[in-house]
Amino acid sequence: METQSTPTVHFRTLERERLGEEIASRTRGYSASLTARRDLERYYEAIRRSAGLDLTQGEACLILDTLNGSLMEPHSIPLLWAEVSDACDMDGYDRKWGVDGPALVGKLRRRPYFELLRIVDAVERWWLLPGEERTWPEGLRKVGLIGERSADDGQETSSGGPGPGAGPGAD
């Protein structure tokens, strides 16, 4: 029987870093490590429990393509809509994925921060999947980018690839 080891996580916050201040304000007399662990568990649980994203397969693939190789910092997450807008305007990703670009941009602009965070988290997890699991719609569902009923928008649902283009990241 093969066992998978759990990752060991260690990090140090910088003296004037906001994260350190946030942990300290929640620690008082407790272990900072245990406080950070508790908060991280809450964060992952909140992501698991949050409502569906209602993205189509094409929209999910457009966002995957847009964020391929990107690093989204906490302050840049609210600007996901601008990244998608640029990808549509400058690179034609809306046409590549058969998506109404302005409608998707509007949908993202109206999303609260936590829903955008959930999208970014799912995108990062999709790109970390082994290549054979980076499929659509199955891989998109696995990370929560699309729901069970979203093998939609007339796009092929095999791992061979959705609609236009060869897949996210392929130009």
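The values are calculated or read from the model by the stated rules, or taken from the named source; none is laboratory data. None of the values given here were measured: they were computed from a predicted structure. Glycine gets a Cβ as well: all are built from the backbone with ideal geometry, and neighbour counts include every protein chain shown.
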>> One residue is enough: does the range 77-96 have a residue meeting the conditions modelled with pLDDT of 95 or more, touching a Leu at 6+ places or on another chain (Cβ under 8 Å) and outside any helix (DSSP H, G or I)?
In response: no
> Could you list, in sequence order, the residues of the range 91-118 that are hydrophobic (A, V, I, L, M, F, W, C), farther than 20 Å from Ile77 by Cα and surrounded by fewer than 16 Cβ atoms within 10 Å (Cβ to Cβ)?
Replying inline: none
>> Considering only residues that are surrounded by 12 or more Cβ atoms within 10 Å (Cβ to Cβ) and either part of a loop (DSSP other than H, G, I, E, B) or touching a helix residue (DSSP H, G or I) at 6+ places or on another chain (Cβ under 6 Å) (or both), which ones fall in the range 35-53?
In response: Thr35, Ala36, Ile47, Ser50, Gly52, Leu53
